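K.L.:
Take a look at the following structure, please.
Any read-out appearing in this document is the output of simple, stated calculations on the displayed coordinates, not a laboratory observation. No experiment lies behind these values; they were computed from the predicted model shown. Positions of Cβ are generated from backbone atoms using ideal geometry, with glycine treated the same way; all protein chains shown enter the neighbour counts.
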Amino acid sequence: MLEYRRSGTRPLLGGLKLDHPDNSIHLAPAGQLTSVHEIAERLFPAYTVDGGSIHLAGCWLEDRRFLRLGNPAAGYRYLDESGSPVDAGLVARLGMQHTVPWVPPPEMPPDRLAKMVASSLALAERVGGNKGPLEVALIWCKYAEGKLRVTIGDQSADFLFAGWTAALEAPPFVCPHTGAASYHALATDDGRIVAAEKTARCARSGRRVLAEELVECDATGERVLPELTRICPVTERPVLAAVLVTCSLCCQEVSPRAVEAGICAACRSLRPIDGGEPPLDRLLAKHPGLKRWSKWKAAETAEVHVLLATRWWRRLLLVADKKTSAIRHAKLGNRLARLAPIPVDDLDALR
């Protein structure tokens, strides 16, 4: 330890030659990590990588100095390079109370070390107390920065870490696709490296994807890939194509939840309409022969207009595309008989 006493206002720096710094004033926390190998051993156990591995893709260690002033009797003060007091919690986390001699790393030139010591002593002179002998020590704490790389197959994902090696903790892997933090990484079936907690398997195909990429089938409640579903034109919710049923009136494929007794909710909710309503006007303009029919009712889905007309004892059902007004289906029957399909070309000839 370097000791100096105040005589008047000028400190007496006993025996220290700044061009050859006295190693007795250099200390380091006894428990801090000092090598890349130790850092790897500290970080790696925190992670689980299904079907892959984690390794360092770069690591840099730097010695950063703190100044310790005081003596065993009066106690010590700890300052950073700017002269600001160091929080007691940080002193404890870095283990500054339990030190061992510090050896300058090979990459630190002696002249640079001498300058750093000189600036530290100048700082000690400015802030040192006036009561009794004052011990001065430089405590060198290692700071680490680097990059961790998760590798699964031929894909990889990097994330950064940084911190004092005495208190270094493994940071979570941050999923590049969801932003989720996790210590468990895996690959989706299409090769993306993601946080395991953010994945799920399609209930039908078994494919592992991001959970947010699945949709819930409105009929079965299963979480499935969107490409296995269609949007029901009545409920406007995704439904597995494999479970769609056909409405016996409008012939649309719809969710089982939208059907009762074989008829979809739209066809069960036909309401009376008068001339002048757009779907009927467009239909009558295209097929003038339909003007002979009266008492029209209508309903609509996301895809079609359903129109039902009556004339005497006969009934006519038309299903027209909402975008083109083209008639998809036409059915004819009487009030007692079931409606049966007829050719669209025969509409204008109906009597």
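K.L.:
Report Rg (one decimal) and Dmax (nearest whole number) for the chain, counting Cα atoms only, units Å.
P.N.:
Using the Cα atoms of the chain, the pair Rg, Dmax is 40.3, 125 Å.
K.L.:
Count of lysine pairs in the chain with Cα atoms under 30 Å apart, counting only pairs 8 or more residues apart in sequence or on different chains?
P.N.:
Lysine pairs meeting the criterion: 22.
K.L.:
At 0.36 nm per residue, minus the direct Cα-Cα distance, what do residue 87 and residue 277 gain on full extension? Give it in nm, one decimal, please.
P.N.:
Net length gain for the segment: 60.7 nm.
K.L.:
Something else now. Return the long-range amide H neighbours of residue 28 (sequence gap of 5 or more, or a different chain), with a cut-off of under 5 Å between placed amide H atoms.
P.N.:
The answer is 100, 102, 140.
K.L.:
Among 66, 159, what is the fewest-to-most ranking by other Cβ atoms within 10 Å?
P.N.:
Ordered from fewest to most neighbouring Cβ atoms within 10 Å, 66, 159 come out as 159, 66.
K.L.:
Related question: What are the ³J(HN,Hα) couplings of segment 240-255, residue after residue, when phi is run through the Karplus curve with 6.51, -1.76, 1.60 and θ = phi - 60°? Round to Hz, x for glycine and proline.
P.N.:
4, 4, 5, 10, 4, 10, 9, 5, 5, 9, 8, 6, 7, 7, 9, 5
K.L.:
Let's test the formula: R0 of 45 Å, r as the Cβ-Cβ distance of residue 155 and residue 236. What FRET efficiency results, to the nearest 0.05? Don't skip to the end; give the middle numbers.
P.N.:
Details: r = 37 Å, r/R0 = 0.83.
For residue 155 and residue 236, the calculated efficiency is 0.75.
K.L.:
Comparing 80, 154, 63, which has the greatest mean-square fluctuation in the GNM of the chain with Cα pairs linked when under 10 Å apart?
P.N.:
154
K.L.:
Working from Cα positions, state the angle (0 to 90°, nearest 10) between the long axis of helix 110-127 and the longest principal axis of the chain.
P.N.:
Computed tilt is about 80 degrees.
K.L.:
Using modelled amide H (1.01 Å from N, peptide plane; none on Pro or chain starts), what sits under 5 Å from the amide H of residue 301, excluding residues fewer than 5 places away?
P.N.:
For residue 301, the qualifying residues are 306.
K.L.:
What are the ³J(HN,Hα) values, in whole Hz, obtained from phi via the Karplus relation 6.51 cos²θ - 1.76 cosθ + 1.60 with θ = phi - 60°, for each residue of segment 162-167 in sequence order, with x given for Gly and Pro?
P.N.:
Result, ordered by residue: 6, x, 5, 5, 5, 10 Hz.
K.L.:
Limiting things to C-alpha atoms, what are the Rg and the maximum Cα-Cα separation (Dmax) for segment 215-260, in angstroms?
P.N.:
Considering segment 215-260 through its Cα atoms, Rg and Dmax are 9.7, 30 Å.
K.L.:
Another question, if that's okay. What is the magnitude of the charge dipole of the chain about its Cα centre, with +1 placed on the Cβ of each Lys and Arg, -1 on the Cβ of each Asp and Glu, and no other charges, expressed in debye to the nearest 20? Mind showing how you got there, number by number?
P.N.:
Numbers: 45 positive and 40 negative charges, 407 e Å.
Dipole size: approximately 1960 debye.
K.L.:
Relative contact order of segment 215-260: what whole-number percent is it, with Cα pairs under 8 angstrom and at least 6 residues apart? Provide the component values of the computation, followed by the final result.
P.N.:
Numbers: 72 pairs, mean separation 15.3, N = 46.
33 percent.
K.L.:
Got a sec? How would 294, 182 order by Cβ neighbour count within 10 Å, fewest to most?
P.N.:
Result, fewest neighbours first: 294, 182.
K.L.:
Here's another thing I want to ask about it. Can you give the calculated 222 nm mean residue ellipticity of the chain, where each DSSP H run of n ≥ 4 adds -39,500 (n - 2.57) and the sum is split over every residue, rounded to the nearest 500 deg cm²/dmol?
P.N.:
That comes out to -3500 deg cm²/dmol.
K.L.:
Another question, then. Viscosity 1.002 mPa s, temperature 20 °C: give me the Stokes-Einstein translational D for segment 270-349 in µm²/s, with Rh taken as the Kirkwood radius over C-alpha pairs. The partial results should precede the final answer.
P.N.:
Numbers: Rh = 12.6 Å.
Value of D from the Cα-based Kirkwood radius: 171 µm²/s.
K.L.:
At a threshold of 8 angstrom on Cα-Cα distance, excluding pairs fewer than six apart, so keeping six or more, what relative contact order does the chain reach in percent?
P.N.:
Reported relative contact order: 12 percent.
K.L.:
With r as the distance between the Cβ atoms of residue 222 and residue 294 and R0 = 56 Å, compute the FRET efficiency 1/(1 + (r/R0)^6) and round to 0.05.
P.N.:
Values: r = 46 Å, r/R0 = 0.83.
Step by step, r from the Cβ atoms, then E = 0.75.
K.L.:
State, as an integer percentage, the relative contact order of segment 270-349 based on alpha-carbon contacts under 8 Å between residues 6 or more apart. Working shown, then result.
P.N.:
On the way: 140 pairs, mean separation 18.1, N = 80.
RCO, segment 270-349: 23 percent.
K.L.:
Now for a separate question. What are the trypsin sites (Lys or Arg not before Pro) within segment 45-154 that DSSP puts in a loop, where the Cβ has at most 11 other Cβ atoms within 10 Å?
P.N.:
Within segment 45-154, the qualifying trypsin sites (Lys or Arg not before Pro) (loop, at most 11 other Cβ atoms within 10 Å) are 131.
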